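Everything below concerns the one structure shown next.
The values are calculated or read from the model by the stated rules, or taken from the named source; none is laboratory data. All values reported here derive from a predicted model rather than from experimental measurement. Note: ideal-geometry Cβ built from the backbone for every residue, glycine included; neighbour counts use all protein chains shown. For accessibility, only protein heavy atoms count, side chains too; no ligands or nucleic acids. Shrake-Rupley method; radii C 1.70, N 1.55, O 1.52, S 1.80 Å.
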Amino acid sequence: MAWVQKNRTTLAIAVAVLVASYVFYYAKNDIAPSMFGAAWGYAIPLVLAALVGVIGERSGVVNIGIEGQMLLAAFAGFFGAAYSGSIIVGILAGIGTGLIAGGFLAWTTVRWRMDQIIAGVVLNIIATGITSFYLKSGQTLPGVIPNVDIPLLKEIPLIGETFFAGRSAIALVAIVAVVVVHLALFHTRWGLRTRAVGEYPSAADTAGINVERLRIVNVTLAGSLAGLAGVYLSMDASSSFERGITAGRGFLALAIMIMGAWRPLRAFVMALFFGFVNAIASQLQQSGLGQGEGTGFFHGIVGAITAPQILGTLPYVATLVVLALAAGRVRGPAAAGQPYVKKDQ
């Protein structure tokens, strides 16, 4: 009951959103399943990338380079699969690249104490340069990542159809990762130590925790989730690789992390919100809103407001609004962005 009392606002919002979703699902059964499916499909890489940010900042390392990690992983995954002829090799190449990129960020920021923002920007620049220079057109994947159904769960109206019916393994891994990271962060010794080095690294050091080692390990391993997000973009969502395929999702994930108050479950919900707003924008564009013929002042105003280019910005506008509302209501880890130096060094 104490947990319910502490999170009553969040629970009330979650129940309201769930009720509204089911009302919409039964009222618009012709378009609702596809919209919810599209929302979750868009949210998958955001969920994985937001977890990368949560683990990094909970450890005291600000990761601006998530965009670059995802881009490199998407590149390595797609071309690894294309040249090897194996989907498995491509997935492993993408995850491995995410780990290497995470290790690079961890080593430069923790061991060399490079400014964390600059290190992330450098990683993004390197990723953009490498993926643009070595890009080869005409390559195709040898196959697709198979979709799977989860028995029983897929039969649940709305939730089953959206999350557990005909989804790729990466989508299911994203759900499992949210639960695992949440439980590990708040109910294990590793989580307690991680939060300690992100809040009070000197106190954690005094208690015998190796701050540098824990930060390096956490940021490096979190890179595997960024790698999986990149693999999803190039090998599952689109089956192709293009310049800038991440399209700013790494930065959006950072905003989602803040909106989710650096908590995995809340970040998951915020990623779904962003995905659903994006699905609404796509649905409005497909319906031809703002593209109809007509004349007159009011028609021109409506047409300008509902132009496809304007509708395409709807998710980003919604993110800015939510971020503005969340500003001042959430607080990040106290030591995030601050390199730790032992007093005897």
Taking Val317 as the residue in question, decide whether it is at pLDDT below 70 and out of contact with any strand residue (DSSP E or B) (no Cβ under 8 Å at 6 or more places or on another chain).
no
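One line per residue, one yes/no per condition, for (1) under 26 Å from Ala336 (Cα atoms); (2) over 20 Å from the mean Cα position of the chain (by Cα); (3) not in a helix (DSSP H, G or I):
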{"position": "Val122", "(1), (2), (3)": "yes, yes, no"}
{"position": "Ile126", "(1), (2), (3)": "yes, yes, no"}
{"position": "Thr140", "(1), (2), (3)": "no, yes, yes"}
{"position": "Ile150", "(1), (2), (3)": "no, yes, yes"}
{"position": "Gly160", "(1), (2), (3)": "no, yes, no"}
{"position": "Phe163", "(1), (2), (3)": "no, no, no"}
{"position": "Leu172", "(1), (2), (3)": "no, no, no"}
{"position": "Ala177", "(1), (2), (3)": "yes, no, no"}
{"position": "Gly198", "(1), (2), (3)": "yes, yes, no"}
Here is a list of conditions, (1) in a helix (DSSP H, G or I); (2) under 30 Å from Arg58 (Cβ atoms); (3) open to solvent by less than 70 Å² (accessible area, probe 1.4 Å), and Ser132 meets all of them except one; can you say which number that is?
(2)
Checking Ile44, Ile88 in turn, the sole residue that is more than 19 Å from Gly120 (Cα to Cα), hydrophobic (A, V, I, L, M, F, W, C), assigned to a helix (DSSP H, G or I) and open to solvent by 60 Å² or more (accessible area, probe 1.4 Å) turns out to be Ile88
Name the residues in region 198-243 that are surrounded by 23 or more Cβ atoms within 10 Å (Cβ to Cβ), in contact (Cβ under 8 Å) with a residue 40 or more places away in the chain, among the small types (Gly, Ala, Ser) and out of contact with any Phe, Trp or Tyr (no Cβ under 8 Å at 6 or more places or on another chain), would you?
Gly198, Ala222, Gly223, Ala226, Gly227, Ala229
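Among residues belonging to region 58-70 that are assigned to a helix (DSSP H, G or I) and open to solvent by less than 10 Å² (accessible area, probe 1.4 Å), point out the one that is farthest from Leu221 (Cα to Cα). Outline the logic, then answer.
Taking region 58-70 and keeping what is assigned to a helix (DSSP H, G or I), we get 58, 66-70.
Right, trim to open to solvent by less than 10 Å² (accessible area, probe 1.4 Å) and you get 66, 68-70.
Details: Ile66: 13, Gly68: 16, Gln69: 12, Met70: 14 Å.
Ranking the candidates gives Gly68 first.
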Pick from region 29-41, criterion among the aliphatic types (A, V, I, L, M) and open to solvent by 10 Å² or more (accessible area, probe 1.4 Å), ranking: nearest to Val173 (Cα to Cα):
Ala38
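Name the one entry in Leu153, Leu172, Leu158 that is surrounded by fewer than 19 Cβ atoms within 10 Å (Cβ to Cβ), touching a Gly at 6+ places or on another chain (Cβ under 8 Å) and at pLDDT below 95. Give the steps one after another, and end with the answer.
Numbers: Leu172 fails: touching a Gly at 6+ places or on another chain (Cβ under 8 Å); Leu158 fails: touching a Gly at 6+ places or on another chain (Cβ under 8 Å).
The conditions single out Leu153.
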So Leu172 fits all but one of (1) over 30 Å from Pro201 (Cα atoms); (2) touching a residue at least 40 places away in the same chain (Cβ under 8 Å); (3) not small (Gly, Ala, Ser); what number is the exception?
(2)
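So, in region 18-31, of the ones that are in a helix (DSSP H, G or I) and without any contact (Cβ under 8 Å) to a residue 12 or more places away in the chain, which residue ends up nearest to Val269 (Cα to Cα)?
Taking region 18-31 as the starting set, the residues that turn out to be in a helix (DSSP H, G or I) are 18-27.
With the extra rule that they be without any contact (Cβ under 8 Å) to a residue 12 or more places away in the chain, the set shrinks to 18-20, 23-24, 26-27.
Details: Leu18: 11, Val19: 15, Ala20: 15, Val23: 19, Phe24: 18, Tyr26: 21, Ala27: 23 Å.
Ranking the qualifying residues of region 18-31, first place goes to Leu18.
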Residues of region 200-219 being over 23 Å from Ala253 (Cα atoms), β-branched (Val, Ile, Thr) and not in a loop (DSSP other than H, G, I, E, B), in sequence order, are Thr206, Val211
